[in-house]
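Visitor: Below is the structure I would like to discuss, written out as structure tokens.
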């Protein structure tokens, strides 16, 4: 019997088959972003993300759009453009909730925690990070290690993660119902204040 994570994620090859088909047709350039972004060329990466979003939108590939919008959020977060990062993470989060894409949902909540920390809202950052920890536990698999480390560093740079406020807020986040799309939407909306 498949694990809960496997059931929730769906067939592991569904996304890869769709991506491979789009790559063969030249209708998506998203995965070139990773190398360009990691090389530090944020302007070129932003251009690739924009073009990828346009192409995936034209193809009607909303699942791929969740990944692209999340990547746009991470990029704008790296540029310290907090409002743009929050908007991209929320856009990806809402779309991932519609599609029941749990991995991007988790990554977007982590991104919103980093945005809240960057804005100086330690309590909101803690609550959202607690929700990420709960999602990790519920789904049975963690954020990608590089992604998790990146978010932890961003949060730690702006919020005292050892503080009583962060710890208490993280506990509140762990107690919230992360399966509720409405609850995650409220959490995402609260992160934009």
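Values in this text are rule-based calculations from the coordinates and carry no lab data. Keep in mind the model is a prediction, meaning the values are calculated, not measured. In this analysis, Cβ positions are derived from the backbone assuming ideal geometry, glycine residues included, and neighbour counts consider all displayed protein chains.
Visitor: At a 10 Å Cβ-Cβ cut-off, how would you order 127, 147, 133, fewest neighbours first? Walk me through the numbers on the way to the answer.
Guide: Details: 127 26, 147 16, 133 20.
In increasing order of surrounding Cβ atoms, one gets 147, 133, 127.
Visitor: If we sort 86-92, 41-47 on the protection proxy, mean other Cβ atoms within 10 Å, highest first, what's the order?
Guide: Details: 86-92: 24.0, 41-47: 15.3.
Packing order, densest peptide first, comes out as 86-92, 41-47.
Visitor: Could you tell me how far the Cα centroid of the range 59-95 sits from the Cα centroid of the range 120-154, in Å?
Guide: 16
Visitor: Continuing with the same structure: Would you mind ranking 136, 167, 103 so that the residue whose beta carbon has the fewest other beta carbons within 10 Å leads the list? Each step should come with its number before you reach the end.
Guide: On the way: 136 16, 167 13, 103 20.
With the fewest neighbours first, 136, 167, 103 line up as 167, 136, 103.
Visitor: What list do you get for 164, 115, 109, 132 if you sort them by fewest beta carbons within 10 Å? It would help to have the intermediate numbers written out before the result.
Guide: Details: 164 8, 115 32, 109 29, 132 26.
Fewest-to-most ranking of 164, 115, 109, 132: 164, 132, 109, 115.
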